[in-house]
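Let me begin by presenting the structure, written as structure tokens, before commenting on it.
The values are calculated or read from the model by the stated rules, or taken from the named source; none is laboratory data. Note that the structure is predicted; figures quoted are calculated from it, not measured. Here the Cβ positions follow ideal geometry from the backbone for every residue, glycine too, while neighbour counts run over all protein chains shown. Note: accessible area is taken over every heavy atom of the protein model, side chains too, but ligands, DNA and RNA are not part of it. Shrake-Rupley method; radii C 1.70, N 1.55, O 1.52, S 1.80 Å.
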Amino acid sequence: HPFVMYFCQKHLTHENPEIAETATFVQKRIVRTQEQGPRINVPTNVEIQAVRHGDPVLIRVQKLDGSAVTVPVQSWTTVDELSRMVSFMLGLDDAEPYSIFEVSSEEEERVLDREERVLDIIAYWQKTYDDEKAKSSKEIETYKFMYKVRLFLEFDPKNEAAVHLFYIQGVFDVVNSRYPTIQKDCEQLAALQIQEKFGDFSGMTGMITGQLGSYCPMKYIDTPAKEQEMEDGIIKKWSSLAGKGYTVMDARANYLDYIGRWKIYGSTYFVVEPQTEKTWPSEIVLAINAKMILVVHPHTQEFLAEYPYEKVVTWGKSRSSFVLVLGNMMESHKIYFRTDQGEEINGLVQSYVDKIVGMGSDGK
């Protein structure tokens, strides 16, 4: 290490600018390699070619509305650094609520560890793809980076970028039935969504005919009769919004205010196996948000239990479990869940407690 660094140091002022630039580039790479340690995966050909030319690798990070941000990354760039770059490019005042997610073509997702190296993740995706292709698999799973809200904390309602990210995630979660809804809710929300997109109702309805899948859950439009009923209800509510002077930001804020009143709003879902509560199904959904921890039936979406954070004494995790301790310091009740996502559940609960409740628990 010292000899290579010294060799580069002697060439930082070389008369050939390409040599001087390469020396600077190598020194920087050596420092970051020393800090981060060895790579987990073999670099892709794209990364190797970029390194040979001293160029960054351009990465597309998508948003839930289909748009994307292109970010230059180096071999040492971490997920945390990528997330902060995206936040800056989008004009966000506070980057804390957002994270980079890995989303598969099977619609499975996971929040990425902030210390993971971006190009190590891509190298793993490439290796997985090549292995599956070698087996002549017909459908090969692919992956992408997604920038979205992870912590549903308070945000500046005047920051358009923040409002937009929370709004598109709210729409996505409603339309994809991530929240239990009734038809009345969906009609009102769809009307606000259409108001945001098209402005005041002016008698024209053709822009939503046959397009309701973008505005409401499929369960309300799975037959022609249901679709027509839903469209009529949405148009009626949309027309009632006309003339009130709603701007795009107003429509987004009203949409978020509406769903923000739901106790399940902003939840991250984990499928777990309860080990101590025998009246629950063999698999349940833990819905964790800024207000509470909910136990949800996986099929009916019924709330089986609700645990506000003030009732949570502590919590913990292992490689194969997550435990919740309820009650008070004098009398408590432990609930065990079998899961391989204990680390992620534990971290999410800790984040909400730290930011929202401020209980000061160490979560052990």
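Give me a comma-separated list of calculated 3J(HN,Hα) values for segment 195-212, in order, Karplus coefficients 6.51, -1.76, 1.60 applied at θ = phi - 60°, integers in Hz, x for any Gly or Pro.
Values per residue, Gly and Pro as x: 4, 5, 8, 10, x, 4, 5, 10, x, 8, 10, x, 5, 10, 4, x, 10, 5 Hz.
For the chain, just give the cysteines left without a disulfide-compatible partner, judged by no other Cys Cβ under 4.7 Å.
Unpaired cysteines in the chain: C8.
Counting Lys and Arg as +1 and Asp and Glu as -1, what is the net charge of the other residues whose Cβ lies under 13 Å from the Cβ of V4?
Value of the local net charge: +3.
Run the reach check for K291 against lysines, Cα to Cα strictly under 16 Å, same-chain hits fewer than 8 apart removed. What comes back?
Hits, sequence-local ones excluded: K263, K311, K355.
If you stretched the chain out fully between H53 and T279, how much longer would it get, using 0.36 nm times the residue separation minus the C-alpha to C-alpha distance?
75.2 nm
Taking all pairs of different Cα atoms in segment 87-149, averaging 1/r and flipping that mean, what Kirkwood radius in angstroms comes out?
Kirkwood radius, segment 87-149: 13.3 Å.
Tally Lys/Arg at +1 and Asp/Glu at -1 over every other residue whose Cβ is under 13 Å from the Cβ of V26; what's the total?
Within the 13 Å Cβ shell, the charges total +3.
When Lys and Arg each count +1 and Asp and Glu each count -1, what net charge do the other residues less than 10 Å away from E154, Cβ to Cβ, add up to?
That sum, taken over residues with Cβ under 10 Å, equals -1.
Take the residue pairs K144/K244; K158/K197; K144/K197; K63/K133; K144/K184; K28/K317 and return only those whose Cα atoms are more than 30 Å apart.
K144/K244; K144/K184; K28/K317
With the crude spin-label approximation of a point 7 Å out along Cα→Cβ, what separation in nm comes out for D250 versus T300?
The modelled label-to-label distance comes out at 4.2 nm.
Projecting each Cα onto the charge dipole of the chain (Lys/Arg +1, Asp/Glu -1 at the beta carbon, about the Cα centre), which of M207, P274, M85 comes out farthest on the positive side?
Of M207, P274, M85, it is P274.
Mind checking the full-extension length gain between E310 and T223? Use 0.36 nm per residue of separation minus the Cα-Cα distance, one decimal, nm.
26.9 nm
What is the gain in length, in nm to one decimal, between D131 and M89 on full extension, counting 0.36 nm per residue of separation less the C-alpha to C-alpha distance?
Working it through step by step, the gained length comes to 11.6 nm.
Below 18 Å, Cα to Cα, which aspartates and glutamates can K278 reach? Residues fewer than 8 away in the same chain don't count.
Straight-line reach from K278, under 18 Å: E302, E306.
Can you tell me, using C-alpha contacts under 8 Å and at least 6 residues apart, the relative contact order of the chain as a whole percent?
Over the chain, the number comes to 10 percent.
Can you tell me what the convex hull of the Cα atoms of the chain projects to on average, as an area in nm²?
Average of the hull's projected areas for the chain equals 25.2 nm².
Mind checking which lysines have their C-alpha under 25 Å from K138, skipping anything on the same chain fewer than 8 residues away?
Partners found: K127.
Show me, for segment 100-108, the HN-Hα J-couplings you get by feeding each phi into the Karplus relation (A = 6.51, B = -1.76, C = 1.60, θ = phi - 60°), rounded to Hz, glycine and proline as x.
Karplus values, whole Hz, x for Gly and Pro: 8, 10, 9, 10, 9, 5, 8, 6, 8.
Carbon and sulfur together cover what percent of the accessible area of segment 229-286 at a 1.4 Å probe radius?
With neighbouring chains kept in place, the figure for segment 229-286 is 49 percent.
Compute the acute angle (0 to 90°) between the alpha-carbon long axis of helix 160-175 and the principal axis of greatest extent of the alpha-carbon atoms of the chain; round to the nearest 10°.
In the chain, helix 160-175 runs at an angle near 60 degrees to the longest axis.
Helix 118-134 sits at what angle to the longest principal axis of the chain, using alpha carbons and giving 0 to 90 degrees rounded to 10?
Tilt of helix 118-134: around 80 degrees.
With r as the distance between the Cβ atoms of Y6 and N328 and R0 = 45 Å, compute the FRET efficiency 1/(1 + (r/R0)^6) and round to 0.05.
0.10
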